[in-house]
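Derivation of every value follows stated rules applied to the coordinates shown; laboratory data play no part. Just so you know, these numbers come straight off a predicted model, no measurement behind them. Here Cβ is always computed from backbone atoms with ideal geometry, including for glycine, and neighbour counts include all displayed protein chains.
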Amino acid sequence: MIIYGVALLSFCYFAGNFIGDILGAIVGLDSNVGGTGFSMLILILMSDYMLSKGLISHKAQTGIEYWNGMFIPVVVAMCAIQNVKAAVSAGMVPIIGGSVATLGCMCLIPLISRIGGKPEPLPPMENN
């Protein structure tokens, strides 16, 4: 198992959760607001900075990439424990907010797909 880079990942996790707790307190909630997202953002920025300065080994970068791959299932599991029934029974605001965000993202897909221009076709595959 690849354990290189776990110290950096742990630091980013604790820093992100700390920021999420502070943000939750600022907005008046007794919960973490976006701590996992902040953790991932800090991890991306720190690992990129450390790579550009040559402060991280290839093995550590491989370990970080491994744990990045584990990030999505962890977030899905965290979302599964959220109390969706209580949020929906609180009124129409969560339903409207989710619908507007989803429709907004769907409307932006054509715009975002035009940003890079026309892609180059892949070269033909060689038969071995």
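Annotations
- The chain, relative contact order [Cα under 8 Å, separation at least 6], %: 23 percent
- Estimated distance in nm for a label pair at SER99 and LYS118, the labels positioned 7 Å out from Cα along Cα-to-Cβ: 4.0 nm
- Relative to one another, the C-alpha centroids of the stretch 93-128 and the stretch 15-37 are positioned 30 Å apart.
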